[in-house]
1. Would you check which residues across the range B:56-75 are facing chain A (nearest Cβ under 8 Å), free of Cβ contacts under 8 Å to residues at least 24 places away in the same chain and either not aliphatic (A, V, I, L, M) or not in a helix (DSSP H, G or I) (or both) and list them?
2. Which numbered condition in (1) modelled with pLDDT of 90 or more; (2) surrounded by fewer than 21 Cβ atoms within 10 Å (Cβ to Cβ) is the only one that A:Met334 fails?
3. Does any residue of the range B:86-107 turn out to be part of a loop (DSSP other than H, G, I, E, B) and within 16 Å of A:Ile167 (Cα to Cα)?
4. Checking the structure you have, find out if any residue of the range A:170-179 is touching a Lys or Arg at 6+ places or on another chain (Cβ under 7 Å), surrounded by fewer than 22 Cβ atoms within 10 Å (Cβ to Cβ) and part of a helix (DSSP H, G or I).
5. Does any residue of the range B:102-109 turn out to be more than 9 Å from every other protein chain (Cβ to nearest Cβ) and surrounded by 13 or more Cβ atoms within 10 Å (Cβ to Cβ)?
6. For A:Ile167, state whether it is among the β-branched types (Val, Ile, Thr), without any contact (Cβ under 8 Å) to a residue 24 or more places away in the chain and at the interface with chain B (Cβ under 9 Å from one of its Cβ atoms).
7. Among the residues of the range A:256-264, is there at least one that is of a type in the set (Phe, Trp, Tyr) and within 20 Å of A:Phe201 (Cα to Cα)?
8. Would you kindly identify the helices (runs of 4 or more DSSP H) lying entirely within the range A:318-413 that contain at least 3 residues that are without any contact (Cβ under 8 Å) to a residue 60 or more places away in the chain?
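The values are calculated or read from the model by the stated rules, or taken from the named source; none is laboratory data. In this text the structure is predicted, and so the values were computed from the model without any measurement. Virtual Cβ from ideal backbone geometry, glycine too; neighbours counted across all protein chains shown.
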Amino acid sequence: MNALILSAVLGVIMMFSGVMLKQKSAVRNIAITGLFLLLVVNILEMSGMSFFRINTAGMMHFDRFSLLFNCIVFFSTFVYLLLSARDIEKTGNYYAEYFTLIFFILCGVILVSSFQSLLILFLGIEIISIPLYILTGSDKKNLKSNEASLKYFLLGAFSTGLMLMGIALIYGSVGSFSTAQINMTEKPGALMIAGMILLLFSMSFKVSAAPFHFWTPDVYDGAPTVFTSFMATIVKVAAFIAFIRLFGEAFGNLQPQWQIWIALITAATLFIGNITAVFQQSVKRMLAYSSIAQAGFMLLSLYAMNADAKEGLLLYSAAYSLATIGIFAVLIKMNDYTFDGFNGLAKYQPLLAATTTIFLLSLAGIPLTAGFISKFYMLKAAVATGRHLWLVIFAVLMAAVSVYYYFRVIQAMYFKEGQPGIITTSPVFKYTLVVLAALIIILGIFPNLLLNWYYF
Amino acid sequence: MPINYYIFLSIALFCIGIVGVLTRRNAIIIFMCIELMMNAVNLLLVAFSKMHHATNGATNASAGIDGQIFVFFIMVVAAAEVSVGLAIIVMMYRNIHSVDVNFLNRLKH
């Protein structure tokens with residue numbers, strides 16, 4: 001509750017700071033300090049210091065899972081701002097508003113990570129989506145950005161319509177929006193099943209799972225790169241938390257009915273994401289498909305839905321967000337987004353090349369990185385269900401395919417000659433990248449540093 | 001009236017909305033179809049709310065009220081979505097002087 005109120009207030013403060021303050025650096029520093037405060041306040045709440053005691057009438061519940069997830073999100077956003085705040089300012093004239101919208105999106109993330117009622121789920125998803133439509137279209141003169149934002153808006157609103165219909169049908173059969181009540185229904189009727197399927201469709205839209213992924217590459221490619229970074233990491237893992245909470249808490253008893261469908265969606269997502277990513281020429285578009293492929297791995301946690309799966313999802317969201325934010329931060333600095341644009345980067349910018357390599361290795365799931373251990377947790381959770389072993393084997397095969405396209409970037413950086421055009425980077429940027437790379441390796445060796453927080 | 005009539009009416013409206021989104025090519029009409037989908041949901045929620053009140057109202061006076069509250073939230077969110085959505089469509093129109101979504105294939109290449 002602390003973080004929810006603080007982030008809404010910070011959003012308003014950022015709006016005013018855009019009017020009051022003339023210096024860009026002041027606005028940026030307020031945003032970074034604000035995020036640091038959010039992180040601190042959230043950690044205080046985890047240790048039992050809650051400043052606000054508000055009766056939410058059973059609509060929200062802040063347990064350790066959601067609080068720890070919020071910590072991961074705030075930390076990732078903090079790193080994201082440290083790396084890319086200057087690039088956010090370059091997108092348009094109204095730079096303070098972009099920070100405002102980011103804080104409002106964080107409000108939505110907190111709502112979807114702790115909902116107990118479908119009303120809060122709906123509000124959270126919308127509070128995340130509506131500012132994102134604006135951020136996607138923030139490069140107003142660029143046709144690609146316009147197009148991406150219109151496409152995102154129309155499909156996002158459409159999937160919200162599906163979600164609302166699902167909620168209405170479930171309300172019809174249960175008579176309540178509370179997830180605990182929905183889980184108590186003994187014999188699900190036709191209304192309930194239809195509602196669950198509609199919710200499954202619309203949530204798959206939001207996390208870009210396979211039959212509903214078609215908007216992802218276009219939108220991620222068209223949006224300004226700084227905001228693609230935010231959408232592909234923080235927003236995507238938030239949608240996953242909503243997904244796993246919804247299906248774990250509201251439809252947990254119906255697991256035998258939906259498990260096979262999730263298994264098929266997972267397999268399709270892994271296949272389409274990985275195979276299409278192989279054929280991309282632009283690194284930005286490759287990362288968009290890679291985010292679909294990684295979503296396939298995160299779907300394994302939904303499929304398994306046990307204790308390992310929850311731990312795995314926390315670890316995966318940290319590993320995936322940090323590594324992807326790092327790669328995008330380097331990508332923003334490049335002039336040329338194709339694979340050839342990375343040629344010879346190691347010679348001119350050895351530090352950037354080395355840290356990017358660590359991020360890519362983590363995404364590919366090479367041992368000693370956080371990406372490996374989080375993939376391991378996911379597979380362990382899926383094996384523990386004892387059913388559909390083919391899915392685990394398929395996921396491992398697809399992870400092997402993913403190595404190809406991640407290593408193409410490494411190959412371009414180290415083994416090809418070229419002169420990469422790169423915008424100069426500040427010392428803070430470089431230090432943050434190094435810290436991020438170190439963190440990914442530390443998490444890969446000691447995953448319990450993060451997971452202990454879940455229990456103690 | 002039995003609840004079935006309301007369910008069929010809202011499902012029909014909802015399906016008209018879906019078919020409209022999938023077949024029409026004008027961004028504004030697609031947008032109107034999405035609004036139609038949301039209004040079908042509003043109608044259904046109010047009908048269910050009344051139904052739950054009629055069946056459980058004797059034991060619990062506030063039964064079914066949450067459905068109507070949800071409708072207010074849907075209206076507010078839909079209004080917010082309209083303001084952002086129309087702004088995006090206007091921005092698009094300024095650049096290409098058209099609101100036809102067939103223009104939306106530059107990213108496909």
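1. So the first thing to find is which residues in the range B:56-75 are facing chain A (nearest Cβ under 8 Å), and the list is B:56, B:63-64, B:66-67, B:69-70, B:73-74.
So of that shortlist, the ones also free of Cβ contacts under 8 Å to residues at least 24 places away in the same chain come out as B:56, B:63-64, B:66-67, B:69, B:73.
Correct list: B:Asn56, B:Ala63, B:Gly64, B:Asp66, B:Gly67, B:Phe73.
2. (1)
3. no
4. Narrowing the range A:170-179 to residues touching a Lys or Arg at 6+ places or on another chain (Cβ under 7 Å): none.
Within the range A:170-179, not a single residue is touching a Lys or Arg at 6+ places or on another chain (Cβ under 7 Å), surrounded by fewer than 22 Cβ atoms within 10 Å (Cβ to Cβ) and part of a helix (DSSP H, G or I).
5. First, pick out the residues of the range B:102-109 that are more than 9 Å from every other protein chain (Cβ to nearest Cβ): B:102, B:109.
Those still in the list that are surrounded by 13 or more Cβ atoms within 10 Å (Cβ to Cβ) too: none.
No - not one qualifying residue is present in the range B:102-109.
6. On the way: among the β-branched types (Val, Ile, Thr): yes; without any contact (Cβ under 8 Å) to a residue 24 or more places away in the chain: no; at the interface with chain B (Cβ under 9 Å from one of its Cβ atoms): yes.
It is false that A:Ile167 is among the β-branched types (Val, Ile, Thr), without any contact (Cβ under 8 Å) to a residue 24 or more places away in the chain and at the interface with chain B (Cβ under 9 Å from one of its Cβ atoms).
7. Quick first cut of the range A:256-264, residues of a type in the set (Phe, Trp, Tyr) only: A:258, A:261.
This time we only want the ones that are within 20 Å of A:Phe201 (Cα to Cα), so: A:258, A:261.
Taking every residue of the range A:256-264 in turn, at least one turns out to be of a type in the set (Phe, Trp, Tyr) and within 20 Å of A:Phe201 (Cα to Cα).
8. Details: elements: A:345-348, A:350-364, A:370-384.
Ranges flagged: A:350-364.
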